[in-house]
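Q: Got a structure for you, written out below as C-alpha cells; questions coming shortly.
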Amino acid sequence: MSNVFVMDHPLIQHKVGVLRREETGSKEFRELVNEIAMLMCYEATRNLPLRDEIVQTPVAQATVKQIAGKNLGIVPILRAGLGMVDGMLTLVPTAKVGHIGLYRDPETLNPVEYYCKLPYDAAERDIFVLDPMLATGGSAVAAIQFIKDKGVSRIHFMCLIAAPEGVKKVQDAHPDVDIYIAALDERLNDHGYIIPGLGDAGDRLYGTK
Ligand code: PRP
Ligand code: URA
C-alpha cells in the first residue's frame, strides 16, 4: 500500500476516538471533523514543492520559501465532505473550493452524481478530494474519475475513516492518487457501513437522523 498514509499523530488519533463515540453530538462532531481535517492537512501537504522568493524585511533582504505554482484545490464530496473544508482552508486560505455531489444508492450502494463544479483552473492545482468515510470506495472512485475527466492530474484523497475494501478499490482504479487516512478500520458490514466506524457521517454532522 505504497500510496496510503495512515496518520498516527496522537492528536489525530485522540480526536478520532472522541468522534466515534455515539454520545458525541453534532456540534462537537462538526468541531472534531474540522480539527482533524486541519491536522491532516498539515501532514498531507509536507511534500508540496517550494520556490525561493526574495522579500524585504524591516532590516534587510531575505530569501524565503513560498509554495511553488498555483496553490491547492479542495473538492469535498457532498454532503459529509463539507465538514472538512474549513479545517483545510484554515491552513491554506488561498485554496479554491470545488464541489461534487454524490450519494450512495441505499440498495445498490453505487454512487449517484447530482452536482459537479470545479475551479476553472483546477488542472493547474494539486486537488485534495475530501470525504470523512471511504467505505466500498464507490463514491471516491467516481469523484476522482470526474475530476480526472476535467483534466486534473495531481489528485490526493483525504478521509477520516477507511475500510480496507475501499482503500483497495481506490488503489486499483487510481494507483496515481495518494490516500490520506486518520484510521484504517476492520471491514464493512452487510449494509456497506464501516466497522467499527462512526455511523453515518453526514447524519452525525448535520443532525438529520
Ligand atoms: C457517505 C460518505 C461517502 C460515502 C462512502 O455519503 O460521506 O460519500 O457514503 O461510501 P462508499 O465508499 O461506499 O461510496 P452518503 O452517500 O451517505 O451521502 P451523504 O454525504 O449525503 O450523507
Ligand atoms: N458512509 C458513512 O457515512 N458511514 C459508513 O460507515 C459508510 C458509508
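Q: For the stretch 104-136, enumerate the residues that are out of contact with any Phe, Trp or Tyr (no Cβ under 6 Å at 6 or more places or on another chain), outside any loop (DSSP other than H, G, I, E, B) and of a type outside the set (F, W, Y).
A: R104, P111, E113, K117, A122, A123, E124, D126, I127, L130, M133, L134
Q: Take the residues in the stretch 105-146 that are within 15 Å of ligand 2 (Cβ to nearest atom) and open to solvent by 70 Å² or more (accessible area, probe 1.4 Å), then tell me which one is modelled with the lowest pLDDT.
A: Per the stated criteria, the residue is P106.
Q: For the structure I just gave you, tell me whether K150 is within 28 Å of P10 (Cα to Cα), of a type in the set (K, R), more than 11 Å from ligand 2 (Cβ to nearest atom) and touching a residue at least 12 places away in the same chain (Cβ under 8 Å).
A: no
Q: Can you go through T108, T94, T136 and tell me which one is over 22 Å from G197 (Cα atoms) and of a type in the set (S, T, Y)?
A: Testing whether each residue is over 22 Å from G197 (Cα atoms) and of a type in the set (S, T, Y) leaves just T94.
Q: I would also like to ask the following. Report yes if some residue within the stretch 167-177 is of a type in the set (D, E) and either at pLDDT below 95 or surrounded by 16 or more Cβ atoms within 10 Å (Cβ to Cβ) (or both); otherwise report no.
A: no
Q: Consider only pairs whose beta carbons are under 6 Å apart and that are at least six residues apart or on different chains; among these, list those whose first residue lies in the stretch 70-90 and is within 12 Å of L102 (Cα to Cα) and whose second residue is assigned to a helix (DSSP H, G or I) and more than 12 Å from ligand 1 (Cβ to nearest atom).
A: P76/V85
Q: If we scan the stretch 130-149, do we find a residue that is of a type outside the set (K, R), farther than 17 Å from A80 by Cα and in contact with an Asp or Glu (Cβ under 8 Å, 6 or more places away or on another chain)?
A: Looking for residues that are of a type outside the set (K, R), farther than 17 Å from A80 by Cα and in contact with an Asp or Glu (Cβ under 8 Å, 6 or more places away or on another chain), one finds at least one in the stretch 130-149, hence yes.
Q: What is the one condition in (1) outside any helix (DSSP H, G or I); (2) within 16 Å of A183 (Cβ to Cβ); (3) touching a strand residue (DSSP E or B) at 6+ places or on another chain (Cβ under 8 Å) that D8 does not satisfy?
A: That leaves (3) as the condition not met.
Q: Quick one: which residue in S153, S139 is of a type in the set (S, T, Y) and in a helix (DSSP H, G or I)?
A: Exactly one of S153, S139 is of a type in the set (S, T, Y) and in a helix (DSSP H, G or I), namely S139.
Q: Mind listing whichever residues of the stretch 157-193 are assigned to a strand (DSSP E or B), within 13 Å of ligand 1 (Cβ to nearest atom) and under 17 Å from the mean Cα position of the chain (by Cα)?
A: Result: F157, M158, C159, L160, I161, A162, I179, I181.
Q: Here's another thing I want to ask about it. Could you check K27 against (1) within 22 Å of V167 (Cα to Cα); (2) open to solvent by 100 Å² or more (accessible area, probe 1.4 Å); (3) of a type in the set (D, E, K, R) and say which number it fails?
A: (1)
Q: With the structure loaded, tell me whether E35 is open to solvent by 40 Å² or more (accessible area, probe 1.4 Å) and in contact with a Lys or Arg (Cβ under 8 Å, 6 or more places away or on another chain) or whether it fails that test.
A: Criteria met by E35.
The values are calculated or read from the model by the stated rules, or taken from the named source; none is laboratory data. Owing to the predicted nature of the structure, the values given are computational and were not obtained by experimental measurement. Neighbour counts are summed over all protein chains in view; Cβ atoms, including those assigned to glycine, are modelled from backbone coordinates with ideal geometry. With ligands, DNA and RNA removed, areas are computed over all heavy atoms of the protein, side chains included. Shrake-Rupley method; radii C 1.70, N 1.55, O 1.52, S 1.80 Å.
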